[in-house]
Amino acid sequence: NAGVTQTPKFQVLKTGQSMTLQCAQDMNHEYMSWYRQDPGMGLRLIHYSVGAGITDQGEVPNGYNVSRSTTEDFPLRLLSAAPSQTSVYFCASSYSPGTLSGNTIYFGEGSWLTVV
Amino acid sequence: AQTVTQSQPEMSVQEAETVTLSCTYDTSESDYYLFWYKQPPSRQMILVIRQEAYKQQNATENRFSVNFQKAAKSFSLKISDSQLGDAAMYFCAYRSAQYEKLTFGTGTRLTIIP
């Protein structure tokens, strides 16, 4: 059981470059989300999705795009990387919160992104 | 909007002793979930314990237990018989039963003194 898989684990980008952080889950979860973790800030929600074809913005969405074409995958795109996007990124998934199983959230292992 | 506050940036405890980490939250909702996550240096997010707001009984998981005070909007984590492996960042988190967003506190760094 792979759970939530994030790739790449480490990435260095130059300012202005674009890239995609991949996230896949094999638990048939409806809900998927992306967070960023900065020192002293905890985890902040970037974007989330409640199902294939449905996405919405979180707390800090600027500079990021997402799409959800399948239940399993939820990629995060940086269109033009900036040093302020240097952070650790986490993907998470769960069943919908209204279900009995919805209160267990599974996290990927994180992706370290440095923008120089 | 919901907020989660962890007022202790750092805590330390002697090995085998008990420590309590504090968390308060603000919400107007009546149905929600609360969590404590552990983050070791590897940065992996590990669920320690969770509490459903509709349950009056405090959750326990082995050496970990919570003191959930719904009226006071307080959700503290007690770690008994602290072990070296408990050293980590601990995050308190809130999730609405209706909405999907998970809101985190800023974390408490726990150090275990041998």
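The values are calculated or read from the model by the stated rules, or taken from the named source; none is laboratory data. Everything numeric here is computed off the predicted structure, so don't read it as measured data. Cβ placement follows ideal geometry from the backbone for every residue including glycine, while neighbour counts extend to all protein chains displayed.
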### Query
Restricting attention to the stretch B:52-71, which residues are loosely packed, with under 12 Cβ neighbours inside 10 Å and either of a type in the set (D, E, K, R) or farther than 15 Å from B:Val19 by Cα (or both)?
B:Tyr54, B:Lys55, B:Gln56, B:Gln57, B:Ala71
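Yes/no per residue for (1) surrounded by 15 or more Cβ atoms within 10 Å (Cβ to Cβ); (2) over 23 Å from A:Phe90 (Cβ atoms):
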| residue | (1), (2) |
| --- | --- |
| B:Ala1 | no, no |
| B:Ser22 | yes, yes |
| B:Asp26 | no, yes |
| B:Tyr33 | yes, no |
| B:Gln39 | yes, no |
| B:Arg50 | yes, no |
#### Entry: Residue ranges of strands (runs of 3 or more DSSP E) in chain A with at least 3 members more than 25 Å from B:Gly105 (Cα to Cα)
A:10-13, A:19-25
### Neighbours by Cβ (under 8 Å, 6+ apart or cross-chain): first from the stretch B:2-24, on the phi > 0 side of the Ramachandran plot; second charged (D, E, K, R)
B:Ala16/B:Asp81
### Task
Take the stretch B:74-100 and flag every residue that is out of contact with any Lys or Arg (no Cβ under 6 Å at 6 or more places or on another chain), surrounded by fewer than 17 Cβ atoms within 10 Å (Cβ to Cβ) and either more than 14 Å from chain A (Cβ to nearest Cβ) or aromatic (Phe, Trp, Tyr) (or both).
B:Ser74, B:Lys78, B:Gln83, B:Leu84, B:Gly85, B:Tyr99
### Query
Got a sec? Which of B:Thr103, B:Thr5 is within 14 Å of chain A (Cβ to nearest Cβ), touching a Gly at 6+ places or on another chain (Cβ under 9 Å) and at pLDDT 95 or above?
B:Thr5
#### Entry: Pair list, Cβ < 7 Å and 6+ apart or interchain, from the stretch A:62-76 residues that are under 18 Å from A:Gly108 (Cβ atoms) to residues that are buried (at least 17 other Cβ atoms within 10 Å of the Cβ) and basic (Lys, Arg)
A:Phe74/A:Arg68
